[in-house]
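Please read the structure below before turning to the comments.
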Amino acid sequence: MTDLPTTMKAALCDAPGAALRIAEVPVPVPGPGQYLVKVEACGICHSDLHVQRGEEPMPEEAFPLILGHEGIGRIVAGDGPLAEGTRIGLPWLYETCQHCDPCLTGHETFCQSQKARGLDAYGAFAEYAIVEAAFATEIPDEIDPVTGGPLLCAGLTAWSALERCEVQAGKRLVIVGAGGLGQYAIAIGLARGLEVAVVDLDPAKRAEALRHGASLAVAPDEIEALRAWGGADITLNFAPTPKVWDMIAAIVNPLSQIVAVALVHDPVPLSMMWLINGGHRVMGSSVGTRAELRAFLNFAAKHMPPVEIEVLPFEEVGAGLERLAAGEVTGRLVLTMGDLA
């Protein structure tokens, strides 16, 4: 590490609700089984916004915190099987216990001891970051760090949600919420042979969904249009409100599969008779495992059209979060840290 700087720029969140500030902080030193990564790019995610605004219950000692969990960079030092210069991801899942039942059965995102990047561990809104070697995933050569960053959370979350379902070409997928995650879900669903409809309040997002290949894009109250289209065999809900549940219940076909992804704490009016008579499956999904990330990146490298990306210099991270909070972002925002060679 003698050729590496001792300090770096990082975007610090000093307390819940505090605006981010760019500061000079020490470059982290990798310990046994860790890599030091020089960050090339990092997406800005709604989860970053939740943490920055104090919507996640966190102790005071967790701050100051470096957010960011859609990062990509190259290994510059550390202890592990990957060579220096290897490009790897810095996703939400920082580490898990690796020995509980969820970990041992391929469901590590439900490990009760998991740590998340940008929440329980320093994130990638910085020039350098630490990655646990056991949780390092190589980035395929076909994926560049700018378009690839959001794949590590937004894209992976959509992919993992669909992986919970029995996907068969020709089945009908309804995506509720056509923001960044919804756009990835459209691309993934179409690439896997599904018919895709989108539900969103925003006319601009509905128009964007049609441009991305959805065959129908409607407002939540257009239930008859969704039924006439064929109803939902699979529903992915990215809308952060319980108000869409009645609509979802009204449009699903028998034996439907419904995956809840949006971060909503409020209860929904679930009818047991509706559940029993329809044979429906209602599931929750959170980000994705290391195996799912590897599979998705390989899939995306070959089959995924790019989602709209707006590039910002690292110093504008605070402005990017403000725009995200104001609903002024149609695709994904990605910070660049400098040279991407």
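The values are calculated or read from the model by the stated rules, or taken from the named source; none is laboratory data. Please read these numbers as outputs of a predicted model, since none were measured by experiment. Neighbour counts run over all protein chains shown; Cβ positions are idealised from the backbone, glycine included. Note: accessible area is taken over every heavy atom of the protein model, side chains too, but ligands, DNA and RNA are not part of it. Shrake-Rupley method; radii C 1.70, N 1.55, O 1.52, S 1.80 Å.
Of these, GLY78, GLY71, GLY89, GLY85, which one is touching a residue at least 40 places away in the same chain (Cβ under 8 Å), at positive phi and not acidic (Asp, Glu)?
One residue alone meets the criteria, GLY78.
Kindly indicate whether GLU55 is under 19 Å from the mean Cα position of the chain (by Cα), open to solvent by 10 Å² or more (accessible area, probe 1.4 Å) and either of a type in the set (D, E, K, R) or over 28 Å from ALA161 (Cα atoms) (or both).
Spelling it out, GLU55 is indeed under 19 Å from the mean Cα position of the chain (by Cα), open to solvent by 10 Å² or more (accessible area, probe 1.4 Å) and either of a type in the set (D, E, K, R) or over 28 Å from ALA161 (Cα atoms) (or both).
Tally up the residues in region 266-282 that are at pLDDT 95 or above and open to solvent by less than 80 Å² (accessible area, probe 1.4 Å), please.
Qualifying residue count for the region: 6.
Which members of region 314-328 meet the condition of being among the charged types (D, E, K, R) and either within 14 Å of GLY148 (Cβ to Cβ) or out of contact with any strand residue (DSSP E or B) (no Cβ under 8 Å at 6 or more places or on another chain) (or both)?
Result: GLU322, GLU328.
Search region 159-171 for residues that are closer than 24 Å to ARG290 by Cα and pair each with any residue that is open to solvent by 80 Å² or more (accessible area, probe 1.4 Å) and at pLDDT 95 or above when their beta-carbon atoms are under 9 Å apart and the residues are at least 6 apart or on different chains.
ARG164/ARG281; CYS165/ARG281
Please enumerate the residues belonging to region 40-67 that are touching a residue at least 60 places away in the same chain (Cβ under 8 Å) and either assigned to a loop (DSSP other than H, G, I, E, B) or acidic (Asp, Glu) (or both).
GLU40, CYS45, ASP48, ARG53, GLU56, MET58
Given the criterion of a type in the set (A, V, I, L, M), touching a Cys at 6+ places or on another chain (Cβ under 7 Å) and closer than 26 Å to PRO28 by Cα, identify the matching residue among ALA116, ALA133, ALA124.
ALA124
Test of understanding: among HIS303, HIS280, HIS265, which residue is touching a strand residue (DSSP E or B) at 6+ places or on another chain (Cβ under 7 Å) and over 28 Å from ALA10 (Cβ atoms)?
Every option except HIS280 fails the conditions.
May I ask you to verify whether VAL317 is β-branched (Val, Ile, Thr), open to solvent by less than 30 Å² (accessible area, probe 1.4 Å) and either under 30 Å from LEU104 (Cα atoms) or at pLDDT below 95 (or both)?
No; evaluated as a whole, the condition is false for this residue.
Kindly indicate the residue of region 295-313 that is of a type in the set (A, V, I, L, M, F, W, C) and closer than 14 Å to PRO145 by Cα and also surrounded by the fewest Cβ atoms within 10 Å (Cβ to Cβ) among those meeting that condition.
Among them, the one singled out is VAL311.
Of all residues in region 11-27, which are touching a strand residue (DSSP E or B) at 6+ places or on another chain (Cβ under 8 Å), buried (at least 16 other Cβ atoms within 10 Å of the Cβ) and of a type outside the set (Val, Ile, Thr)?
Correct list: ALA11, LEU12, CYS13, LEU20.
Looking only at residues that are under 27 Å from HIS50 (Cβ atoms) and among the aliphatic types (A, V, I, L, M) in region 250-265, which one is most open to solvent (accessible area, probe 1.4 Å)?
LEU263
Any residue at all in region 29-36 that is in a loop (DSSP other than H, G, I, E, B), buried (at least 21 other Cβ atoms within 10 Å of the Cβ) and at pLDDT 95 or above?
yes
Within region 175-191, track down each residue that is open to solvent by 30 Å² or more (accessible area, probe 1.4 Å) and closer than 18 Å to ARG294 by Cβ.
Selection gives ALA191 alone.
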